[in-house]
Ligand SMILES: [Mg+2]
Ligand SMILES: [Zn+2]
């Protein structure tokens, strides 16, 4: 597991855990391999600003098996990470930490979602218990990871017709991250 721990740590008891690809940025079936392939959702930038204004800490929790598949090199991976942090910061939001699993499924690690390893690590870093946060993801394995960690799962289903695949049923479903954030933390700022 790779951890990037920003400073300062979120002080608040309110922390939200977010999947990256498909929630923060548009996902690609062939992985996000270079900084040029990042396209951050507009509603996500707004959601990040709202979270910062409300004092909610943000931690990314992302599977990046493209690394150990040999499709993403370390330098590009680092630059992608930095670009996401920078873009969010530029728009008034803040990412406090990020946890990434570089492993392929056949490596049977404890961090690749739906295993709960990264969610536990994120909660330990933030000093909270899994049930005190939410994990927002877009895939069935995210919802399973949430269930395995004992954390409420929130699923983003951006296009109609998605979200009917099998997996652990999420406790909440929204079309956008902004919709989820406003619903969880309230519309008033
Ligand atoms: Mg995803
Ligand atoms: Zn892993």
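Take the stretch 102-127 and flag every residue that is in contact with a helix residue (DSSP H, G or I) (Cβ under 9 Å, 6 or more places away or on another chain) and either in a loop (DSSP other than H, G, I, E, B) or free of Cβ contacts under 8 Å to residues at least 24 places away in the same chain (or both).
Within the stretch 102-127, 102, 109, 110, 111, 112, 113, 114, 115, 116 qualify.
Of the residues that sit in the stretch 104-119 and are closer than 20 Å to residue 73 by Cα and within 16 Å of ligand 1 (Cβ to nearest atom), which one is farthest from the chain's Cα centre (by Cα)?
For the stretch 104-119, the residue satisfying everything is 105.
Identify, by number, the condition in (1) away from ligand 2 (no atom under 16 Å from the Cβ); (2) out of contact with any strand residue (DSSP E or B) (no Cβ under 9 Å at 6 or more places or on another chain) that residue 116 doesn't meet.
(1)
Right, residue 99: crowded, with 22+ Cβ neighbours inside 10 Å, within 15 Å of ligand 2 (Cβ to nearest atom), in contact (Cβ under 8 Å) with a residue 24 or more places away in the chain and within 21 Å of residue 85 (Cα to Cα) or not?
yes
Quick check, is residue 159 without any contact (Cβ under 8 Å) to a residue 12 or more places away in the chain and either within 16 Å of ligand 1 (Cβ to nearest atom) or closer than 10 Å to residue 17 by Cβ (or both)?
yes
Just to check your reading of the model, which residue among 33, 9 is away from ligand 1 (no atom under 16 Å from the Cβ) and touching a residue at least 24 places away in the same chain (Cβ under 8 Å)?
Answer to the check: 9.
Any residue at all in the stretch 20-42 that's at pLDDT below 95, within 25 Å of residue 185 (Cα to Cα) and away from ligand 2 (no atom under 16 Å from the Cβ)?
No, that holds for no residue.
With the structure loaded, tell me whether residue 75 is more than 16 Å from the chain's Cα centre (by Cα), assigned to a helix (DSSP H, G or I) and either within 16 Å of ligand 1 (Cβ to nearest atom) or surrounded by fewer than 19 Cβ atoms within 10 Å (Cβ to Cβ) (or both) or whether it fails that test.
Considered against the rule, which asks whether it is more than 16 Å from the chain's Cα centre (by Cα), assigned to a helix (DSSP H, G or I) and either within 16 Å of ligand 1 (Cβ to nearest atom) or surrounded by fewer than 19 Cβ atoms within 10 Å (Cβ to Cβ) (or both), residue 75 comes out as yes.
Go through the stretch 9-26 residue by residue and tally those that are in contact with a strand residue (DSSP E or B) (Cβ under 7 Å, 6 or more places away or on another chain) and surrounded by fewer than 17 Cβ atoms within 10 Å (Cβ to Cβ).
Result for the stretch 9-26: 1.
For the stretch 7-38, enumerate the residues that are over 17 Å from residue 73 (Cα atoms), under 15 Å from the mean Cα position of the chain (by Cα) and assigned to a loop (DSSP other than H, G, I, E, B).
19, 20, 22, 23, 24, 26, 27
Among the listed residues 123, 151, 111, identify the single one that is modelled with pLDDT of 95 or more, within 26 Å of residue 67 (Cα to Cα), crowded, with 17+ Cβ neighbours inside 10 Å and away from ligand 2 (no atom under 13 Å from the Cβ).
Of the residues listed, the single one that is modelled with pLDDT of 95 or more, within 26 Å of residue 67 (Cα to Cα), crowded, with 17+ Cβ neighbours inside 10 Å and away from ligand 2 (no atom under 13 Å from the Cβ) is 123.
Hey, among 47, 3, which residue is within 16 Å of ligand 1 (Cβ to nearest atom), outside any loop (DSSP other than H, G, I, E, B), in contact (Cβ under 8 Å) with a residue 40 or more places away in the chain and touching a helix residue (DSSP H, G or I) at 6+ places or on another chain (Cβ under 9 Å)?
Checking each option against the conditions leaves just 47.
The values are calculated or read from the model by the stated rules, or taken from the named source; none is laboratory data. Quick caveat, the model's predicted, so the values are computed rather than measured. For neighbour counting, all protein chains shown are included, and Cβ atoms are generated from backbone atoms with ideal geometry for every residue, glycine included.
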